[in-house]
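Novice: The following block contains the structure, expressed as structure tokens.
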Amino acid sequence: MNKREKGTYFEELACNYLKENGATILFRNFRCRAGEIDIIAKDGRYISFIEVKYRTGSKFGVAEAAVDLRKQRTICRVSDFFRRQNKITADAAQRFDVVAMMREDDGTVHIKWHKNAFSYIPLNKASY
């Protein structure tokens, strides 16, 4: 399985998990010039911008730790574009989540949905 196929497979697992837990998937792999968001979902009153991360074991750290500040900024910029494109006001309920998956040695995949994994980073206040 190549990297793209693996990404698609784990995003599909994440979507199934989110749906089983009450979310409605709005978009997958939403792209613009600023970057990409893996999943955009509706969870209750929230529009949730979701990054999916997968790791095989914890040798190189937990999956959710891979969503660093740079990736968070990218997700925030793409969410800005999405909201403008869809005429969603800045005061609408939104959240930035991470779905982290880890495969154990026995093949079991553990999935954890981190709601509010990080806060919105305004463009003019991003620190470099």
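The values are calculated or read from the model by the stated rules, or taken from the named source; none is laboratory data. What you see is a predicted model; the values in this text were computed from it and never measured. Methodologically, a virtual Cβ is constructed for each residue, glycine included, from the backbone with ideal geometry; neighbour enumeration extends over all protein chains shown.
Novice: Please indicate, with yes or no, whether at least one residue in the stretch 87-103 is farther than 16 Å from residue 30 by Cβ and touching a Ser or Thr at 6+ places or on another chain (Cβ under 9 Å).
Specialist: Among the residues of the stretch 87-103, at least one is farther than 16 Å from residue 30 by Cβ and touching a Ser or Thr at 6+ places or on another chain (Cβ under 9 Å), which makes the answer yes.
Let's see how each residue does on (1) under 15 Å from residue 17 (Cα atoms); (2) not hydrophobic (A, V, I, L, M, F, W, C):
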residue: 53; (1), (2): yes, yes
residue: 67; (1), (2): no, no
residue: 74; (1), (2): no, yes
residue: 77; (1), (2): no, yes
residue: 81; (1), (2): no, no
residue: 111; (1), (2): yes, no
residue: 122; (1), (2): no, yes
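Novice: Looking at the stretch 75-91, which of its residues are surrounded by 12 or more Cβ atoms within 10 Å (Cβ to Cβ) and either farther than 15 Å from residue 52 by Cβ or at pLDDT below 95 (or both)?
Specialist: 76, 77, 79, 80, 81, 82, 83, 86, 88
Novice: Which one is nearest to residue 90 (Cα to Cα), of the residues in the stretch 1-57 that are assigned to a helix (DSSP H, G or I) and among the basic types (Lys, Arg)?
Specialist: Here is the first cut: in the stretch 1-57, the ones assigned to a helix (DSSP H, G or I) are 3-20.
Narrowing the set further to residues that are among the basic types (Lys, Arg) leaves 3-4, 6, 19.
On the way: 3: 35, 4: 33, 6: 34, 19: 25 Å.
Looking at the filtered set, the residue picked out is 19.
Novice: Within the stretch 5-47, how many residues are farther than 20 Å from residue 110 by Cβ and among the polar types (S, T, N, Q)?
Specialist: Final tally of qualifying residues: 2.
Novice: Surrounded by fewer than 18 Cβ atoms within 10 Å (Cβ to Cβ), under 24 Å from residue 70 (Cα atoms) and among the basic types (Lys, Arg), is that true of residue 33?
Specialist: Spelling it out, residue 33 is indeed surrounded by fewer than 18 Cβ atoms within 10 Å (Cβ to Cβ), under 24 Å from residue 70 (Cα atoms) and among the basic types (Lys, Arg).
Novice: Shifting gears a bit: When residues of the stretch 20-71 are filtered for being more than 18 Å from residue 10 (Cα to Cα) and among the aromatic types (Phe, Trp, Tyr), how many remain?
Specialist: Residues flagged as more than 18 Å from residue 10 (Cα to Cα) and among the aromatic types (Phe, Trp, Tyr) within the stretch 20-71 amount to 2.
Novice: Restricting the search to the stretch 105-114, which residues are in contact (Cβ under 8 Å) with a residue 24 or more places away in the chain and either on the phi > 0 side of the Ramachandran plot or not in a loop (DSSP other than H, G, I, E, B) (or both)?
Specialist: 109, 111, 112, 113, 114
Novice: Go through the stretch 67-104 and give me each residue that's without any contact (Cβ under 8 Å) to a residue 24 or more places away in the chain and not in a helix (DSSP H, G or I).
Specialist: 68, 86, 87, 89, 90, 91
Novice: Identify the single condition in (1) within 13 Å of residue 117 (Cβ to Cβ); (2) of a type in the set (Asp, Glu); (3) touching a strand residue (DSSP E or B) at 6+ places or on another chain (Cβ under 9 Å) that residue 104 does not satisfy, given that it satisfies every other one.
Specialist: Of everything listed in (1) within 13 Å of residue 117 (Cβ to Cβ); (2) of a type in the set (Asp, Glu); (3) touching a strand residue (DSSP E or B) at 6+ places or on another chain (Cβ under 9 Å), residue 104 misses just condition (1).
Novice: Here is a further query. Surrounded by 13 or more Cβ atoms within 10 Å (Cβ to Cβ) and modelled with pLDDT under 95: is that true of residue 63 in this structure?
Specialist: Values: surrounded by 13 or more Cβ atoms within 10 Å (Cβ to Cβ): yes; modelled with pLDDT under 95: yes.
The answer is yes for residue 63.
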